[in-house]
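Enquirer: Take a look at the following structure, please.
The values are calculated or read from the model by the stated rules, or taken from the named source; none is laboratory data. Nothing here was measured: the structure is a model prediction, and the numbers come from that model. Here Cβ is always computed from backbone atoms with ideal geometry, including for glycine, and neighbour counts include all displayed protein chains.
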């Protein structure tokens, strides 16, 4: 999955571009560094959050495909769709950084991460359905399935709440992501018993 790793690396790099544009604009306006940081604090926080989320999605993706030696046609399609959501994330961040919050912006930003998490869930289920694809790491991957499902559920909840709250205040709905680890542990209790550790995603 080296191609997938390259896609993630490029997406992480592209995240910084909107901030670089803001730095140039601040220079043209004669702002100090302190003034720039104050004016763009929201964008900086969104950048950090976006970077962390892409890195976490990448880590979970690598855990899923560790030991997988072959892929089904469906798994290949799901992985391509997963990469598409990674490629879209820098665009979603640029929208948050540059324009006023509205319904479409929230759908693009939160919805892209929600789609990424659900695609991880779908890929986990496909790999579990075909143990012949690689090693016997099904036990190890159950923790990843629980983590992916927890993220997917919470992003779905966050998107619903964000759409109900007008303006940028709707993004406070992302605070529900703090429940990722407790929800993951709850989901693991309903999965077949295994000895794999709970992934620290929250």
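Enquirer: When you check residue 94 against the structure, is it farther than 30 Å from residue 39 by Cβ and assigned to a helix (DSSP H, G or I), yes or no?
Expert: Values: farther than 30 Å from residue 39 by Cβ: no; assigned to a helix (DSSP H, G or I): yes.
Judged against the criteria, residue 94 is not a match.
Enquirer: If only one of 78, 64 is at pLDDT 95 or above, over 22 Å from residue 174 (Cβ atoms) and touching a helix residue (DSSP H, G or I) at 6+ places or on another chain (Cβ under 7 Å), which one is it? Before the answer, list the steps.
Expert: Working: 64 fails: at pLDDT 95 or above.
78 is the lone residue from the list that is at pLDDT 95 or above, over 22 Å from residue 174 (Cβ atoms) and touching a helix residue (DSSP H, G or I) at 6+ places or on another chain (Cβ under 7 Å).
Enquirer: Here is a list of conditions, (1) touching a residue at least 12 places away in the same chain (Cβ under 8 Å); (2) under 18 Å from the mean Cα position of the chain (by Cα); (3) farther than 18 Å from residue 148 by Cβ, and residue 36 meets all of them except one; can you say which number that is?
Expert: With respect to (1) touching a residue at least 12 places away in the same chain (Cβ under 8 Å); (2) under 18 Å from the mean Cα position of the chain (by Cα); (3) farther than 18 Å from residue 148 by Cβ, residue 36 is out only on (2).
Enquirer: Do we find that residue 115 is modelled with pLDDT of 85 or more and surrounded by fewer than 22 Cβ atoms within 10 Å (Cβ to Cβ) in this structure? Before you say what the answer is, go through the steps one by one.
Expert: Numbers: modelled with pLDDT of 85 or more: yes; surrounded by fewer than 22 Cβ atoms within 10 Å (Cβ to Cβ): yes.
So residue 115 fits the description; yes.
Enquirer: Filter region 47-92 for residues that are more than 17 Å from the chain's Cα centre (by Cα) and surrounded by fewer than 17 Cβ atoms within 10 Å (Cβ to Cβ) and give the result.
Expert: The answer is 66, 67, 69, 70, 72, 73, 74, 76, 77.
Enquirer: Which residue out of 134, 143, 167 is modelled with pLDDT under 90, surrounded by fewer than 20 Cβ atoms within 10 Å (Cβ to Cβ) and over 28 Å from residue 46 (Cβ atoms)? Outline the logic, then answer.
Expert: Numbers: 143 fails: surrounded by fewer than 20 Cβ atoms within 10 Å (Cβ to Cβ); 167 fails: over 28 Å from residue 46 (Cβ atoms).
Sole residue among the options that is modelled with pLDDT under 90, surrounded by fewer than 20 Cβ atoms within 10 Å (Cβ to Cβ) and over 28 Å from residue 46 (Cβ atoms): 134.
Enquirer: Now, a different point. How many residues, within region 56-79, are under 19 Å from residue 145 (Cα atoms) and part of a helix (DSSP H, G or I)?
Expert: 16
Enquirer: While we're here: Collect the residues in region 118-131 that are buried (at least 19 other Cβ atoms within 10 Å of the Cβ) and at pLDDT below 90, keeping them in residue-number order.
Expert: 127
Enquirer: Considering only region 101-118, I want to know if a residue exists there that is touching a residue at least 12 places away in the same chain (Cβ under 8 Å), part of a loop (DSSP other than H, G, I, E, B), in contact with a helix residue (DSSP H, G or I) (Cβ under 6 Å, 6 or more places away or on another chain) and under 28 Å from residue 23 (Cα atoms).
Expert: yes
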